[in-house]
Protein chains: 2
Amino acid sequence: MYTANDSNVVQSHGKIIQERFDVPVRSKCIPDQPLGIYDDESEKAAIPKIVEMGVQLEQEGCRLLIVSCAADPGVEALRSRVSVPVIGGGSAASLVARSLGEPVGLMGITEGVPPVMSSLLEDLVAGYIRPDGVTNTTDLLTDAGREAALEAARTLVSQGAKAIVFACTGLSTIAFADVIRKELHIPVIDPVDAEGLLAANYYKQLEGI
Amino acid sequence: MYTANDSNVVQSHGKIIQERFDVPVRSKCIPDQPLGIYDDESEKAAIPKIVEMGVQLEQEGCRLLIVSCAADPGVEALRSRVSVPVIGGGSAASLVARSLGEPVGLMGITEGVPPVMSSLLEDLVAGYIRPDGVTNTTDLLTDAGREAALEAARTLVSQGAKAIVFACTGLSTIAFADVIRKELHIPVIDPVDAEGLLAANYYKQLEGI
């Protein structure tokens, strides 16, 4: 489940997970929120829709649900309404990052770090940066945007980060993790990747039983 | 790295990870601790050996280290001595379990839950049980041991657990997770599986850069 307007974006998280982890994925987008979740009000509006969609997907036979957003919107509410596992993008990325036990730098294109991520990463957060002049993923596709984002990652490393964690799924759809890995030679934790890793792990267990 | 005497056991964690996650694994056993880590004193004795072995493995070219024990012995000390990622069995299992966001039941064959696991799982721990009459993995291979362990898992479910987490790698080597999954139809988080999942994720990233 996503918050996005462009149907390519809506499908892209699911495609990444399906191809990388070899599990079947059905994708649905939260209706009437073309700009996604960007503040408290838009999150509040999204939650009942996410819960409703999740309940529906379970009824349609889905054996596991992923809320593919770094803020984990509606994840807790949904868990109390369905009996299948629910994996959130922000919590998955934070938990995968935490397994390294090292300080990490958070990077995103929104105002701040989703609360679910800071509460799970706690003292491991070396810093958070929104790259200069980058307010949407398209900005990252330009040379200036790409350089600003790499500069942000370098700054986080100089602040003690041993790995970079994306605090936003916008960076996943353009595969920016690989750019940082190649330039900085450090691990990058991408929420779509992390949620896929954990979801596929549980899905494959459930498939066999 | 393990604490075990039997060379089959020493190799078995590595074999599981190599086969399940398709990464090359070199296994070493902590010397002179045939009974492994079973109390504070044996843990204290093991830590410098684990650190030394980890440093050596990095020098030999290992790009990532796994300390395959639910107590994460020496993991923090080792992280300060090497530059490659260090994944611990207990922390990996706890973090993978936490991604479900549901109460979990812990099961082991030792006295209590390793502190690293209770501190990462916090309020999600529904309970801990050592199956009746089971003090080593061989006990689980008998019909009585198997039934006692399944009974323990059922009790944990009745205490609110939505998944079972092994607080000991002894249950991994005999593949007891599959027994519980088939009988109880719930997810089981096995430390060897969890450490392999996370380690392979990072190893594959590092391989490409």
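For the reader, a short list of remarks on this structure follows.
- Estimated FRET transfer efficiency when R0 is 51 angstrom, pair B:ALA144-A:THR138 (beta carbons, to 0.05): 0.20
- Inter-copy separations for B:LEU141, label at 7 Å along Cα-Cβ, nm, ascending: 5.9
- Residues whose amide H comes within less than 5 Å of that of B:ILE189, counting only those at least five positions distant or on another chain, are B:ILE164, B:VAL165, B:PHE166 (H built at 1.01 Å from N in the peptide plane).
- In nanometres and ascending order, the distances from the A:SER80 label point to those of the other copies are 4.2 (point 7 Å from Cα along Cα→Cβ).
- Prolate/oblate/rounded label for the protein assembly as shown (Cα gyration tensor, a/c 1.5): oblate
- Residues whose amide H falls under 5 Å from that of B:VAL104, counting only those 5 or more places apart or on a different chain, are B:VAL125, B:ALA126, B:LYS162, with hydrogens built in the peptide plane.
- The range B:48-102-the range A:63-90 distance, computed between alpha-carbon centres (Å): 29 Å
- The lysines within cross-link reach of A:LYS44, meaning a Cα-to-Cα straight distance under 21 Å and a gap of 8 or more places when in the same chain, are A:LYS28.
- In order through the range B:132-144: 3J(HN,Hα) via Karplus (6.51 cos²θ - 1.76 cosθ + 1.60), integer Hz, x for Gly, Pro: 3, x, 9, 10, 8, 5, 4, 4, 6, 7, 8, 4, 5
- The alpha carbon gyration tensor of the range B:3-132 gives principal lengths a ≥ b ≥ c with a/c of 1.5 or higher and a/b greater than b/c, which makes the shape prolate.
- For the range B:105-117, the Karplus equation 6.51 cos²θ - 1.76 cosθ + 1.60, evaluated at θ = phi - 60°, returns couplings of x, 9, 9, x, 10, 10, 3, x, 7, x, x, 4, 6 Hz by residue, with Gly and Pro reported as x.
- Mean Cα-pair separation over length for chain B, i.e. relative contact order, pairs under 8 Å, 6 or more apart, %: 20 percent
- Charge tally in the Cβ shell below 13 Å around B:TYR38, where Lys, Arg are +1 and Asp, Glu are -1, B:TYR38 excluded: -3
- Cross-link reach list, lysines versus B:LYS182, counting only Cα pairs under 19 Å and skipping chain neighbours closer than eight places: A:LYS204, B:LYS162
- Chain A: angle of helix A:7-21 to the longest principal axis, Cα-based, in degrees nearest 10: 90 degrees
- Counting charges near A:ALA161 (Lys, Arg +1; Asp, Glu -1) among other residues having Cβ under 12 Å from its Cβ returns a value of +1.
- Rounded, prolate or oblate (a/c below 1.5 giving rounded, otherwise prolate when a/b exceeds b/c) for the range B:43-107 by Cα gyration tensor: prolate
- Each copy carries a label point for A:ASP22 at 7 Å from Cα toward Cβ; from one copy, the others' points are 0.6 nm away, ordered from shortest.
- Residues whose amide H falls under 5 Å from that of B:GLY88, counting only those 5 or more places apart or on a different chain, are B:VAL67, with hydrogens built in the peptide plane.
- Estimated FRET transfer efficiency (B:LYS204, B:SER83; beta-carbon r; R0 22 Å; 0.05): 0.75
- Chain A Cβ-axis minimum, rotational copy B, residue and distance in Å: A:LEU95, 2
- Rounded to whole Hz, the Karplus (6.51, -1.76, 1.60) HN-Hα couplings of the range A:158-170, x for glycine and proline: 5, 8, x, 5, 9, 7, 10, 10, 7, 9, 6, 7, x
- Proximal charge balance of B:ASP132 [Cβ under 14 Å; K/R count +1, D/E count -1]: -1
- Distance between the range B:139-209 and the range A:131-209 - C-alpha centres, whole angstrom: 30 Å
- Taking the range B:91-190 and dividing mean pair separation by its residue count, relative contact order in percent (alpha carbons under 8 Å, at least six apart): 33 percent
- Approximate shape of the range B:66-209 as ellipsoid semi-axes (Cα gyration tensor, √5λ), whole Å, largest first: 27, 15, 14
- Solvent accessible area, Å² - B:GLU207, 1.4 Å probe, full protein context: 110 Å²
The values are calculated or read from the model by the stated rules, or taken from the named source; none is laboratory data. Since this is a predicted model, take the numbers as computed values, not measurements. Using ideal geometry, Cβ is built from the backbone for each residue, glycine included, and neighbour counts are taken over all protein chains shown. Just so you know, the surface numbers come from the protein's heavy atoms only, side chains and all, with ligands and any DNA or RNA stripped out. Shrake-Rupley method; radii C 1.70, N 1.55, O 1.52, S 1.80 Å.
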